[in-house]
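Written below as structure tokens is the structure these notes are about.
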Amino acid sequence: MGKNLLIGKKGIIFGVVDENSLAWSVAQKCIDEGAEIVLTNTKNAILLGNINDLAKKINTPIIECDATNLDDIQNLFEQSINLLGGKIDFILHSIAMSQNLRRRKEYDNINYKYFEQTIDISALSLHKILQVAKKNNFINTYGSIVTLSYIASSKYVCGYNDMSAAKAILESIVQNFGAIYAQSHKVRINTISQSPVFTRAGGSFSGFKYFYDFTEHMAPLGNANAEDCANLCVMLFSDYTRKLTMQKFYNDGGYSQTSMSENFIDYFRDNSLSRFNE
Ligand SMILES: NC(=O)c1ccc[n+]([C@@H]2O[C@H](COP(=O)([O-])OP(=O)(O)OC[C@H]3O[C@@H](n4cnc5c(N)ncnc54)[C@H](O)[C@@H]3O)[C@@H](O)[C@H]2O)c1
């Protein structure tokens, strides 16, 4: 049972492809909290994923949109406003894709066409959505946009490849567009730097499961899961956070602030992983 935090609010959720998608947890939580939403994804994702079944479960429309295409974005906003009966109050940008990761291209042997595509899909798509929204005044005053990032934007994570650069650009867009949109329309833009969660995009880099295990033990509170991510999104969409903008929130159980934790030492010792074990 929700707490009616989003009653009367209208939102667009990018990025549901299946029940493991972070966006799916967010979509369900938004409905629980009283919002009306549309789901959107690419033609391929709609064909190959199970968005249709999921949308039926929460009784929401799906609108096709490739978030790298300005015409698609314009159409998405116009149709959403029409279907929902008013301007948009919140947007979840939950989009990432790297062919270099998918095809196991190493960072020092990268395909540059794929690299450009990674940046376009995983970072510039946010800029494009914001630019279309601002030009057409599609978002209500104190509207809230949230995008999902990862710690690899600022610290090396082996295997994360060109997605690290995409996340760094994504966070830069949050800051720069955040300042501009706040001053012109009082629209807020924030990012959540999320713990690892097993999803299509999340699990696509090699070594992911070991990193998941590592941060689970290192983070004083353990990893934040999809529901934790959804709860934080709802808070950021709600009126309780009207003066928060241009921020990066680490939703990671304290991992980003920890160099060593008791839990990890126990794990290391109990599994005889140290050469100092007796
Ligand atoms: N899962 C994790 O461990 C984790 C951790 C931190 C951040 N994130 C971020 O969360 C976000 C969501 O990823 P996820 O883990 O839920 O995986 P996911 O695979 O479920 O979601 C990625 C989505 O991006 C969509 N997408 C790809 N190209 C698109 C395009 N051109 N236009 C519109 N949509 C497009 C896909 O169809 C898919 O729905 C991503 O930005 C990801 O980097 C994930």
Set of lysines with alpha-carbon distance to residue 87 below 25 Å, sequence-local pairs under 8 removed:
3, 9, 10, 29, 43, 56, 57, 128, 134, 135, 186, 243
Classify the stretch 1-91 as rounded, prolate or oblate from the Cα gyration tensor: take a ≥ b ≥ c as the square roots of its eigenvalues, call it rounded if a/c is under 1.5, otherwise prolate when a/b beats b/c and oblate if not.
oblate
Taking the Cα centre of the stretch 138-278 as origin and charging only Cβ (+1 Lys, Arg; -1 Asp, Glu), how large is the dipole, in debye to the nearest 20?
620 debye
Compute the acute angle (0 to 90°) between the alpha-carbon long axis of helix 70-84 and the principal axis of greatest extent of the alpha-carbon atoms of the chain; round to the nearest 10°.
70 degrees
If you count, for each residue, the other Cβ atoms within 10 Å and average over each peptide, how do 205-213, 251-259, 27-35 line up from highest to lowest?
27-35, 251-259, 205-213
In whole Å, what is the distance between the alpha-carbon centres of the stretch 194-222 and the stretch 73-96?
31 Å
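Scan the stretch 120-203 for trypsin sites (Lys or Arg not before Pro) in coil per DSSP, keeping those whose Cβ has at most 12 other Cβ atoms within 10 Å, and list them by number.
155
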Signed unit charges on C-beta, dipole axis of the stretch 129-218, positive-most listed residue 157, 183, 193:
183
Can you put 163, 218, 260, 246 in order of Cβ neighbours within 10 angstrom, beginning with the fewest?
260, 246, 218, 163
Listed by chain and number, the aspartates and glutamates with an alpha carbon less than 19 angstrom from that of residue 105, same-chain partners under 8 positions apart left out, are 116, 120, 162
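Please give the net charge around residue 242, taking every other residue with its beta carbon less than 13 angstrom from that of residue 242, where Lys and Arg add +1 and Asp and Glu add -1.
+2
I need the shape label for the chain. Rule: rounded when a/c is under 1.5, else prolate if a/b > b/c, else oblate, with a, b, c from the alpha carbon gyration tensor. List each step's numbers first, then the result.
Working: a/c = 1.77, a/b = 1.51, b/c = 1.17.
It is prolate, given that a/c is not under 1.5 and a/b is the larger ratio.
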Given an 8 Å cut-off on Cα distances and at least 6 residues of separation, report the relative contact order of the chain as a percent.
18 percent
What does DSSP give for the chain in terms of the percent of beta bridges that are antiparallel, rounded to the nearest 5?
0 percent
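Counting only other residues whose beta carbon sits under 14 Å from that of residue 267, what net charge do I get with K and R as +1, D and E as -1? Don't skip to the end; give the middle numbers.
Values: positive: 269; negative: 213, 216, 262, 266, 270.
Combined, the nearby Lys, Arg, Asp and Glu give -4.
Where does each of 240, 267 land when they are ranked from fewest to most other beta-carbon atoms within 10 angstrom?
Exposure proxy ranking, most exposed first: 240, 267.
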Per-peptide average of other Cβ atoms within 10 Å, ordering 4-10, 86-92 highest first
86-92, 4-10
Value at 222 nm in deg cm²/dmol, rounded to 500, when DSSP H runs of n ≥ 4 in the chain each add -39,500 (n - 2.57)
-12500 deg cm²/dmol
Angle check, please: helix 125-136 long axis (alpha carbons) against the longest principal axis of the chain (alpha carbons), in degrees 0 to 90, nearest 10.
20 degrees
Mind jotting down the distance between the C-alpha centroids of the stretch 1-70 and the stretch 241-278, whole Å?
31 Å
GNM on the chain, C-alpha springs below 10 Å: top fluctuator among 111, 190, 100?
111
Helix 163-185 against the longest principal axis of the chain: what's the angle in degrees, Cα atoms only, rounded to the nearest 10?
40 degrees
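Laboratory data are not the source of any read-out in this text; all were calculated from the coordinates shown. Just so it is clear, the structure is predicted and the values come from calculations on it, not from any experiment. Methodologically, a virtual Cβ is constructed for each residue, glycine included, from the backbone with ideal geometry; neighbour enumeration extends over all protein chains shown.
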